[in-house]
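The next block holds one structure in the form of structure tokens; read it before the comments.
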Amino acid sequence: MPRNRPSAVHTPERPSPRQGVPRPLIARSPAMQRVQTRLQQYAAVRTPVLLRGEAGTGKDTVARALHAGSPWRDGAFVKLPCDHVSEEELLLLLLGDATRTPAVPGALAQAAGGTLFLSEIGRFSLRLQQLLLLLLSRQSFLSPVDNREQCGDTRLVCASEVNLEEQVAAGAFLPELYYCLHVASIPLPPLRERHADIPELVEDFFRRFNQRNHARVSITAQALSPLYLCQWPANQRDLENCLEYAVLHRQDDVITQLPCIHGTCLRKQLNLRIEHYSKRHKDIPLPVATEGWDPCRAPSNLQLPAVQSVSGKDADDEIRHRFIAALEKSGWVKAKAARLLNITPRQLYYALQKLNIEVRKF
């Protein structure tokens, strides 16, 4: 029996009113403003761009923003996921499959005149890396579909959350390709380094949730406080899971407190279940950054800005949110809140005065 061949790559995405408004690139934080600057520098040129960052840092969104701001914006945006795909399947998806009826063009042909996004370049085998290096140097390829050499005006964007330096040192990644891709690279910051973007990320989530579900759910600014203390191991994916959990367990259409304030953090609950079974199977490691993880505990290396430099007038000030979150987590017991923030009770008392935070009395 003939082997099953992989289906065609994702349908090329062309600008169309039916697609609606693309997800915005939120860049109020200094870390994301640096991303925005590089994006503007690289968008207009054909040089391949490499996006690097942890899982959930928005590589897909940045890749689409590069496409939208480039001379290739009227062409197709073709995304080719490269993880969990065998070398043979990836070759067929990239170059095309002549054995199917009708023949299926590959991602390179589909992206001609547009952008090809390879979502995990760190998973490429050495053979595929060599092929990609040849494609970058020759700007053409022999299509197995029609056995003709094709050269398309295609913009290449790659992404990786793998440590490429370790891969090169271990001989698993070609140094020539590593150097080539880093001519234009954009490091994407984790969510824990872009607190100034949290309000807009939350607003964007609720806009999309309400649009998909024909709902009118919102959240108060005060309720956002715990989000500034979380470490977000999966970054924006974690944030969206947290918010969707809060929406599904809300008491009203206006959310005034997140579930984690009452000790019902979704990730923490799930991690406890995993930890229970991991004790039975000691050879199964815990997920990264989960053991003993507390979403409202200040990280041990947290350096709070000097209280004197905080005006207390901006309701969205990061440090104000942190103090309010710690107070809520501790039931408004100042001594406990001080321990959460790794400061002394005297420092907490002085900060509350400066920030004009009134301690609730029960």
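The values are calculated or read from the model by the stated rules, or taken from the named source; none is laboratory data. All values reported here derive from a predicted model rather than from experimental measurement. Cβ placement follows ideal geometry from the backbone for every residue including glycine, while neighbour counts extend to all protein chains displayed. Areas reflect the complete protein model, heavy atoms only, side chains present, ligands, DNA and RNA absent. Shrake-Rupley method; radii C 1.70, N 1.55, O 1.52, S 1.80 Å.
What is the residue count in region 316-339 for residues that are of a type in the set (A, V, I, L, M, F, W, C) and farther than 18 Å from residue 223 by Cα? Break it down stepwise before answering.
Step one: of region 316-339, the residues of a type in the set (A, V, I, L, M, F, W, C) are 319, 323-327, 332-333, 335, 337-338.
Among the residues that remain, those that are also farther than 18 Å from residue 223 by Cα are: 333, 335, 338.
So the answer is 3.
Just to be sure I understand, how many residues within region 104-119 are open to solvent by 10 Å² or more (accessible area, probe 1.4 Å) and within 24 Å of the chain's Cα centre (by Cα)? Quick ask: steps written out before the conclusion?
Residues of region 104-119 open to solvent by 10 Å² or more (accessible area, probe 1.4 Å): 104-105, 108-110, 112-113, 119.
Next, only the ones that are within 24 Å of the chain's Cα centre (by Cα) stay: 119.
Total satisfying the criteria: 1.
Looking at (1) modelled with pLDDT of 95 or more; (2) open to solvent by 50 Å² or more (accessible area, probe 1.4 Å), which is the only condition residue 210 fails?
Unmet condition: (2).
Could you tell me whether residue 312 is part of a loop (DSSP other than H, G, I, E, B), modelled with pLDDT of 75 or more, open to solvent by 10 Å² or more (accessible area, probe 1.4 Å) and small (Gly, Ala, Ser)?
Spelling it out, it is not the case that residue 312 is part of a loop (DSSP other than H, G, I, E, B), modelled with pLDDT of 75 or more, open to solvent by 10 Å² or more (accessible area, probe 1.4 Å) and small (Gly, Ala, Ser).
Can you name the condition, by its number, that residue 174 falls short on among (1) of a type outside the set (Lys, Arg); (2) farther than 22 Å from residue 25 by Cβ; (3) touching a Ser or Thr at 6+ places or on another chain (Cβ under 6 Å)?
(3)
Can you pull out every residue in region 183-199 that is open to solvent by 30 Å² or more (accessible area, probe 1.4 Å) and at pLDDT 95 or above? Walk me through how you get there before you give the answer.
Here is the first cut: in region 183-199, the ones open to solvent by 30 Å² or more (accessible area, probe 1.4 Å) are 183, 187, 192-193, 196, 199.
Correct list: 183, 187.
Please go through region 65-95 and pick out each residue that is modelled with pLDDT of 90 or more, part of a loop (DSSP other than H, G, I, E, B) and open to solvent by 50 Å² or more (accessible area, probe 1.4 Å).
Initially, region 65-95 is screened for residues modelled with pLDDT of 90 or more, giving 65-80.
From the residues that got through so far, the ones that are part of a loop (DSSP other than H, G, I, E, B) too are 69-76.
Hits for region 65-95 are 71, 73, 74.
Could you check, for region 30-40, whether at least one of its residues is of a type outside the set (Val, Ile, Thr), part of a loop (DSSP other than H, G, I, E, B) and modelled with pLDDT under 95? Walk me through it before giving the result.
So in region 30-40, the residues of a type outside the set (Val, Ile, Thr) come out as 30-34, 36, 38-40.
Subset that is part of a loop (DSSP other than H, G, I, E, B): none.
Checked region 30-40: no residue is of a type outside the set (Val, Ile, Thr), part of a loop (DSSP other than H, G, I, E, B) and modelled with pLDDT under 95.
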